[in-house]
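The values are calculated or read from the model by the stated rules, or taken from the named source; none is laboratory data. Everything numeric in this text was worked out from a predicted model, so none of it was measured. Here Cβ is always computed from backbone atoms with ideal geometry, including for glycine, and neighbour counts include all displayed protein chains.
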Amino acid sequence: MKPALIDLTSISFVIAFALLLSPLAQSTTLAPLSLAQLTSSAANVVHAECTGNQAVWRDGEIWTVTSFRVLENWKGNSPEEIQVWMIGGRAGAVTSYVPGAPRFRIGEETVLFLEPASSRSFGGVLSITAWSEGTFRIHRDPRTYEMRVTQDTAITPNFDPSSRTFRETGIRNWPLAKLKARVIAAESSRRRTP
Amino acid sequence: MNHKSRRHFVRSLALATIFAFLFQWTGAPMANAYVRDFTVPAAGGCPQPQHQNIAIGAVPLARQWSTSLPNTNPAAIVTTAAQGTPAQLNEIEATIQQAYAIWVGVSGTLVNANSFPNALGTLGRTATQNACSPDPVNGVQTGVDGINTICFNQTSAAFTTGVLSFTRIMVADAPSQVFGSAPPSIFAGQIVDADISMARTRWDLCLSVTVILFTPSRSSASSSPPTWPAPLRARAAQARRLRAQCPRSTQTSPRASGRSHTP
């Protein structure tokens, strides 16, 4: 009997780690957008590498300003260095924690769908379209070293009110080239449509 | 434990470790870089779980909602009562109350009024539009007031396409910290304020407050589905009918990404 118990122990280890590492996107409500809708809504779509994070106060709110080095423009013409503003962050003794707001690590490569922040007082700073829906993390396939992307929303089950069930949606483990082709095709299609 | 069992145990442990590292390797880029439900105290020491002050004798958690509603056409909030009437406010408030009541079916949460009858204060109202966010003109922390507030008429710069609502949680990393008009923090990791902001209809999304507020968290849905009282079923059906009147391109189903923050 013992070996069976031990096997359960090892399984529980794995599950515990999985739960520990699960993303904690919470209590943010997003409208589900297709890739075409994301592309259409975004002013810029870039493949970029995070180069730094900084928390700043602006209009009485804490923001995390993440700097990116643009590796490739898929839509629009972003400069080589861009800054992306997301609400929340840590400044001094206070942390403003906004579940679901994407955060980035230095050196991390992502595909971002960007648009100017909605408030005029922000003077056109960039933010991420639909937050985690407009954020695609890039990782390399361990065997082929091919670059692959996973949408942030693909790793959190989302509630479908019609069926009242949680389902995993979003793009997962696509080749980067495939995502790029789809984005470019969506943009071309949008331009053709009067 | 005999020699064979010990060997099996060591082998299993090694296997589990390898699995864990594999998961870390493949899953980490998708997951976020840090665990965000914990706060590292300013004075050092172990990260503290973020939570409201739930000590015995602490005052009930203050909560309110902003009666400032977006004045848009089509209406941002679909109710059975006419727009801009006291009946509409009562209907929205009843919906909020019912949303809290869903948590009665979830054990271990502070919001469960059966388990913790005195944890939540009375749901109040405020006419202030920016009760959940800083004053955009003066840039002061009007939204950080220690009152957990739900706002429907928000114009935060954080709203981008597709973002319908978000919760901003202010957490202190030390005792005696004062933010805005909130009472001083008691301990590191204390949530001093948590406000839910909902976007106006900037993106022409046709949603009903019933559907938004009745979207249960993953934790509640997985443990026990919320039970809707009969009148709310009827109201939800009515809300669905009203939503069906929206233009086809604007019909969207709100989705809650993950579980809600349990105080």
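Descriptive notes on the structure:
- Out of A:N53, A:N77, A:N44, sole residue that is farther than 13 Å from A:F113 by Cβ and either of a type in the set (D, E) or under 16 Å from the mean Cα position of the chain (by Cα) (or both): A:N53
- Residue in the stretch A:63-70 that is among the basic types (K, R), surrounded by fewer than 18 Cβ atoms within 10 Å (Cβ to Cβ) and more than 8 Å from every other protein chain (Cβ to nearest Cβ) present: yes
- Selection of the stretch A:174-194 for residues being β-branched (V, I, T) and either surrounded by 14 or more Cβ atoms within 10 Å (Cβ to Cβ) or at positive phi (or both) yields A:V183, A:I184.
- Number of residues in the stretch B:151-195 that are more than 11 Å from every other protein chain (Cβ to nearest Cβ) and either touching a Gly at 6+ places or on another chain (Cβ under 6 Å) or buried (at least 23 other Cβ atoms within 10 Å of the Cβ) (or both) equals 3.
- Among the residues making up the stretch A:113-132, those that are more than 7 Å from chain B (Cβ to nearest Cβ) and more than 18 Å from the chain's Cα centre (by Cα) are A:R120, A:G123, A:G124.
- Every listed requirement among (1) in contact (Cβ under 8 Å) with a residue 24 or more places away in the chain; (2) under 16 Å from B:I147 (Cα atoms) is met by B:L89 save one, (2).
- Yes/no for B:A194 being part of a loop (DSSP other than H, G, I, E, B) and modelled with pLDDT of 85 or more: no
- Failed item, numbered, when A:A91 is tested on (1) of a type in the set (G, A, S); (2) over 14 Å from A:H47 (Cα atoms); (3) touching a strand residue (DSSP E or B) at 6+ places or on another chain (Cβ under 8 Å); (4) within 9 Å of chain B (Cβ to nearest Cβ): (4)
- Residue within the stretch A:133-140 that is within 11 Å of another protein chain (Cβ to nearest Cβ), part of a loop (DSSP other than H, G, I, E, B) and out of contact with any Cys (no Cβ under 8 Å at 6 or more places or on another chain) present: no
- Conditions (1) modelled with pLDDT under 90; (2) of a type in the set (G, A, S); (3) part of a helix (DSSP H, G or I); number of the one not met by A:S162: (3)
Conditions tested, residue by residue: (1) surrounded by fewer than 18 Cβ atoms within 10 Å (Cβ to Cβ); (2) in contact with a Gly (Cβ under 6 Å, 6 or more places away or on another chain); (3) away from chain A (no Cβ under 14 Å); (4) modelled with pLDDT of 90 or more.
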residue: B:W25; (1), (2), (3), (4): yes, no, no, no
residue: B:R36; (1), (2), (3), (4): no, no, no, no
residue: B:V59; (1), (2), (3), (4): yes, no, yes, no
residue: B:T79; (1), (2), (3), (4): no, no, yes, no
residue: B:I102; (1), (2), (3), (4): no, no, no, no
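- Of everything in the stretch A:141-170 that is of a type in the set (A, V, I, L, M) and within 19 Å of A:S41 (Cβ to Cβ), the residue that is nearest to the other protein chains (Cβ to nearest Cβ) is A:A154.
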